[in-house]
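Reading through the structure tokens given below for one structure.
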Amino acid sequence: MPSNLPTQQGISCEIDQQAKAYAASGAVRHHPPRDYPPYRSSLLRHPRQPLVPVRDPEAAELSGPVFGATDVTESDADLTRGQAGEPLGERITVTGRVLDRAGRPVAGQLVEIWQANACGRYAHRRDRHPAPLDPHFTGTGRCLTDRQGRYCFTTVKPGAYPWHNHTGAWRPSHIHFSLFGTAFTQRLVTQMYFPGDPLLPYDPILQSVTDATARSRLVAAYDHDLSTAGDALGYRWDIVLDGPAATRTEGSRP
Amino acid sequence: MSPLPTPSQTVGPFYGCALPSPDGHRVAPAGHPQAITVHGYVRDGAGSPVPDALLEFWQPAPDGSRGGAPGSLRRDPATGGHAGRDGVTFTGFGRVATDADGHYVLHTLPPGGVPYLSVCVFARGLLHHLFTRAYLTGGQVAEPWLAALPAERRATLLTRPEGAGVHRFDIRLQGEKETVFLAFD
């Protein structure tokens, strides 16, 4: 690994500084700032100009794409099936509800997930972490939410893996989620983390959410009632989509 | 009490097996006579191509309807793989990953009722997606917020004609000619 990378101590120090600056600002910020230097890849990939507000009730972004039965297959929500054998690792169930800011369920919308295997390796050619690939695990899944906004996946717990942000950088175990609401403005891509993971405080991507309460909303809850006997450990994680919901009914005209 | 939002996190570098589909860029039904092409490059603050950006496009149908239609990401229940679009339905939604040159191509139909395509940008290094718009009207836009922008900023939202039915739209995440990104909250 090149020696010009910062150390974990240096990155942790920067994370602390960012947290203190946020606390001192007195503001409440639910999302990470796009300019977050401890996550080095953000340096050249965030705009320096402020976002331009669009307050137009006729904006096309207040409607959004829809998905249906043809966009998923029934087995897509079970990442442990569909291969020649069972994947290695700890079987888990991840379930929860997708809601909008008003607390209404987001029904019939697409939820997509992707993750590393139990050893911390993605089935992706650019992942150079020398942990074994699992021939029985692709790590991708999708489903549509039901009428109550519920989703449910069966998978294996992803492993932690090293990355090149700094020396000693390890991503905590996480599952990537992609979500759609009733409007394009509600689009969300995020990551779900596991409770009690000792790597959480060291990770600049999670810590980019400088508000501790907001950060806690990225960590699933272990739910023993979901841990069905001899099958899978249960985690519960509800998701709330930000941004305005659709302002008109589907297919309606101005 | 209304629930608080789930924070955004970066899409990271490894979404490639989960999100893109081989014909995600073919929003226009096959062989449609009104099809247009929008293409361009995504670049970072150093002017380097961004080879791992994911762009999503959303738009009304040519008749102005905004309901969209399922079928942008059809799956094959026999193989578990991609089934592709049905070639007839206009879903209004496109999804394209940039290539090693930071380049993307979208084939679609002209939007009805509005002069723009909505664009959502995801990338490794980008902790929260960015919205922008690709205006197809050659600068004839009446929206007050757009008219109020300095000309060089406004220009980043306007596609450039490149021959019949081909429009160029580059995205610069930072720095010189930085794209105007939008907030809807």
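The values are calculated or read from the model by the stated rules, or taken from the named source; none is laboratory data. Since the model is a prediction, treat every value here as computed from it, not as a measurement. Here Cβ is always computed from backbone atoms with ideal geometry, including for glycine, and neighbour counts include all displayed protein chains. Quick note on the areas: whole protein, heavy atoms, side chains included, nothing else; ligands and nucleic acids left out. Shrake-Rupley method; radii C 1.70, N 1.55, O 1.52, S 1.80 Å.
The table for this structure:
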quantity	calculated
Selected residue [facing another protein chain (nearest Cβ under 8 Å), basic (Lys, Arg) and not in a loop (DSSP other than H, G, I, E, B)] from A:Arg126, A:Arg215	A:Arg215
Residue, farthest from A:Thr95 (Cα to Cα), within segment A:188-220, restricted to residues that are surrounded by fewer than 22 Cβ atoms within 10 Å (Cβ to Cβ) and of a type in the set (Gly, Ala, Ser)	A:Ala212
Within segment A:146-173, tally of residues that are out of contact with any helix residue (DSSP H, G or I) (no Cβ under 9 Å at 6 or more places or on another chain), open to solvent by less than 10 Å² (accessible area, probe 1.4 Å), more than 20 Å from A:Asn117 (Cα to Cα) and assigned to a strand (DSSP E or B)	0
Selection within segment B:39-57 - assigned to a loop (DSSP other than H, G, I, E, B) and in contact with a Phe, Trp or Tyr (Cβ under 9 Å, 6 or more places away or on another chain)	B:Val50, B:Asp52
Count of residues meeting criterion [surrounded by fewer than 20 Cβ atoms within 10 Å (Cβ to Cβ), at positive phi and touching a helix residue (DSSP H, G or I) at 6+ places or on another chain (Cβ under 9 Å)] in segment B:71-113	2
Residue that is nearest to the other protein chains (Cβ to nearest Cβ) [pool: residues in segment A:29-60 that are under 22 Å from the mean Cα position of the chain (by Cα) and not in a loop (DSSP other than H, G, I, E, B)]	A:Ser41
Single match in A:Asp35, A:Asp16, A:Asp71, A:Asp56 (criterion: open to solvent by less than 60 Å² (accessible area, probe 1.4 Å), of a type outside the set (Val, Ile, Thr) and free of Cβ contacts under 8 Å to residues at least 40 places away in the same chain)	A:Asp56
Yes/no for A:Ala84 being among the hydrophobic types (A, V, I, L, M, F, W, C) and surrounded by 15 or more Cβ atoms within 10 Å (Cβ to Cβ)	no
Checking A:Thr95 against (1) open to solvent by 10 Å² or more (accessible area, probe 1.4 Å); (2) assigned to a loop (DSSP other than H, G, I, E, B); (3) touching a residue at least 60 places away in the same chain (Cβ under 8 Å), the condition it does not meet	(2)
Test: residue in segment A:194-209 that is in contact with a Pro (Cβ under 8 Å, 6 or more places away or on another chain), aromatic (Phe, Trp, Tyr) and free of Cβ contacts under 8 Å to residues at least 40 places away in the same chain	no
Unmet requirement for B:Asp99, which otherwise passes all of (1) part of a loop (DSSP other than H, G, I, E, B); (2) within 12 Å of chain A (Cβ to nearest Cβ); (3) in contact (Cβ under 8 Å) with a residue 40 or more places away in the chain	(2)
Qualifying residue in segment B:51-64 (condition: of a type in the set (Phe, Trp, Tyr) and open to solvent by 20 Å² or more (accessible area, probe 1.4 Å))	no
Test set (1) in a loop (DSSP other than H, G, I, E, B); (2) more than 7 Å from chain B (Cβ to nearest Cβ); (3) within 26 Å of A:Ala214 (Cα to Cα) - A:Leu88 fails condition number	(3)
Candidate set from segment A:225-237 (those that are at pLDDT below 95 and not in a loop (DSSP other than H, G, I, E, B)); member that is most open to solvent (accessible area, probe 1.4 Å)	A:Asp225
Qualifying residue in segment A:104-112 (condition: farther than 23 Å from B:Asp99 by Cα, open to solvent by 20 Å² or more (accessible area, probe 1.4 Å), modelled with pLDDT under 95 and at the interface with chain B (Cβ under 10 Å from one of its Cβ atoms))	no
Selection from segment A:174-184 of residues that are open to solvent by less than 10 Å² (accessible area, probe 1.4 Å) and either closer than 25 Å to B:Phe184 by Cα or not hydrophobic (A, V, I, L, M, F, W, C) (or both)	A:His174, A:His176, A:Phe177, A:Ser178, A:Leu179, A:Phe180, A:Gly181, A:Ala183, A:Phe184
Number of the exception - B:Ala53 against (1) under 27 Å from B:Leu130 (Cβ atoms); (2) at the interface with chain A (Cβ under 8 Å from one of its Cβ atoms)	(2)
Exclusive hit being touching a strand residue (DSSP E or B) at 6+ places or on another chain (Cβ under 7 Å) and modelled with pLDDT under 95, set A:His124, A:His129	A:His129
Subset of segment B:114-125 that is farther than 22 Å from A:Leu43 by Cα and within 8 Å of chain A (Cβ to nearest Cβ) - its residue that is surrounded by the most Cβ atoms within 10 Å (Cβ to Cβ)	B:Ser118
Candidates B:Pro20, B:Pro29, B:Pro60 - the one that is at the interface with another protein chain (Cβ under 10 Å from one of its Cβ atoms), in contact (Cβ under 8 Å) with a residue 12 or more places away in the chain, in a loop (DSSP other than H, G, I, E, B) and not acidic (Asp, Glu)	B:Pro60
Output for segment B:126-160, where each listed residue is more than 9 Å from chain A (Cβ to nearest Cβ), part of a loop (DSSP other than H, G, I, E, B) and in contact (Cβ under 8 Å) with a residue 60 or more places away in the chain	B:Leu136, B:Thr159
